[in-house]
Amino acid sequence: MTNNIYAPTPENLDRAAQTIRNGGLVAFPTDTVYGLGANVYLPDAVAGIFAAKERPLFDPLISHIADIDFLPEYAQTDSRVMDLARHFWPGPLTFVLKRKDSDHCLDMVCSGLPNLAVRMPNHPLALQLIKASGVPIAAPSANRFKTVSPTTARHVSDSLGNKVDMILDGGPCKIGVETTIVDLTGRKMVILRAGGLPKEELEAFTGEKVYLSDGNPDKPSAPGQLLKHYAPGLPLRINVTEDEVRPDEFFIGFGSVSSAHLNLSPQADLREAAANLFAFMREAEKHREFSGIAISPIPESGLGLAINDRIRRASYHD
Ligand code: TXA
Ligand code: MG
């Protein structure tokens with residue numbers, strides 16, 4: 001345990017903004033998961049994120065902004081992009097857009113790609129921090145590479161310890177799975193990563209079909225979407241019904257099951273299940289008296305798409 005967890009007082013927010021401006025690393029809560037933030041315009045600071053997470057440099061980061069009007073200054077936009085931003089921001093939706101020509105100092109954030117990922121989080125602390133810093137904040141999930149994303153300040157501290165200068169504590173994240181990432185660089189809208197905003201809501205708003213990227217693990221279109229990405233410390237089996245659970249398995253249930261060690265949502269509410277998912281996986285993997293984890297089937301619609309994506313990756317082994 002480290003003591004770099006800070007209550008979100010005005011003084012601590014000021015100090016965190018100063019830390020960002022000066023090139024330090026600040027972990028902060030968002031609506032989805034905790035992020036590990038640095039000033040996008042300081043490549044050395046951004047490099048510090050990759051080092052702290054032990055994340056490969058080819059895997060680009062999402063920029064977090066606090067003002068929709070800033071978006072056209074930061075990336076190439078058109079009316080479709082701005083309509084989507086006005087409707088869904090702040091919220092659990094990340095856009096992949098074409099970069100502007102002039103922004104070579106963003107090469108580290110974008111891993112040299114011609115595209116840029118950007119979002120506006122729906123969390124007062126995150127928005128205050130970005131505004132007070134005066135710069136967009138590059139932030140991946142605040143966990144070591146290939147572990148589940150943190151949904152509490154304590155998770156961040158357990159995973160990254162003193163590799164981060166400050167952790168702002170905003171309590172548990174409401175949504176609990178990462179943003180939906182939609183590629184808007186082409187004519188079609190393509191989801192690169194299923195997440196906190198259901199595909200159905202994007203389709204309902206635009207009246208257009210939204211495509212899912214083919215998910216080929218050898219050629220992930222969001223470079224971070226490797227097949228084995230969210231790995232708990234115990235082997236994980238998915239789509240396991242109650243009668244199939246083995247006696248030596250820790251059982252994470254969903255809906256009306258009676259023998260679950262933890263239940264993602266007894267009422268079968270996908271929002272509640274998403275919010276509990278990563279914390280329960282962390283809890284389950286602590287139970288080394290079990291030889292594996294089993295998870296109930298989760299419906300493949302709405303937030304179920306994101307939940308199933310995460311647990312499918314977590315269950316993958318080479
Ligand atoms: O909910 C979230 O999105 C959280 C919070 C902190 O905002 N962030 C997050 O970041 O999940 P991270 O780095 O763990 O995942 C970002 C994903 C990676 O898979 C990365 O490959 C993809 O976004 N990505 C970033 N920039 C991209 C780009 N220019 N083109 C395609 N994919 C990109
Ligand atoms: Mg991540």
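The values are calculated or read from the model by the stated rules, or taken from the named source; none is laboratory data. Keep in mind the model is a prediction, meaning the values are calculated, not measured. For neighbour counting, all protein chains shown are included, and Cβ atoms are generated from backbone atoms with ideal geometry for every residue, glycine included. Areas reflect the complete protein model, heavy atoms only, side chains present, ligands, DNA and RNA absent. Shrake-Rupley method; radii C 1.70, N 1.55, O 1.52, S 1.80 Å.
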Please identify every one of the GluC sites (Glu not before Pro) in segment 279-318 that sits in a loop by DSSP and has no more than 11 other beta carbons within 10 Å of its own beta carbon.
289, 300
Calculate the FRET efficiency for residue 18 and residue 113 from the Cβ-Cβ distance with a Förster distance of 41 Å, rounded to the nearest 0.05.
0.85
Once amide H atoms are built 1.01 Å from N in the peptide plane, which residues 5 or more positions from residue 268, or in another chain, come under 5 Å H to H?
255
Between segment 1-23 and segment 126-157, what's the alpha-carbon centroid distance in Å?
12
Leaving out ligands and nucleic acids, note down the accessible area per residue over the chain with a 1.4 angstrom probe, in whole Å².
43
What's the magnitude of the charge dipole for segment 5-212 around its Cα centre, counting Lys and Arg as +1 and Asp and Glu as -1 at the beta-carbon? Answer in Debye, nearest 20.
360
Given H placed on each backbone N at 1.01 Å, which residues far from residue 62 in sequence or on other chains put an amide H within less than 5 Å of it?
139
In nanometres, what is the gap between the two model label sites at residue 102 and residue 158, each 7 Å from Cα along Cα-to-Cβ?
4.6
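Quick one: length gained pulling residue 82 to residue 248 fully straight, 0.36 nm per residue minus the C-alpha distance?
Full-extension gain reported as 54.6 nm.
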Give, to the nearest whole percent, the P(r) tail of segment 1-153 beyond 21 angstrom, counting all Cα pairs.
40
Can you tally the lysine pairs in segment 5-212 where the Cα-Cα distance is under 28 Å and the two residues are eight or more apart, or on different chains?
26
Count charges around residue 270 for me, please; just the other residues with Cβ under 12 Å from its Cβ, Lys/Arg as +1, Asp/Glu as -1.
-3
Let me understand segment 236-315 better: what is its radius of gyration from the alpha carbons, and its Dmax, in angstrom?
11.3, 34
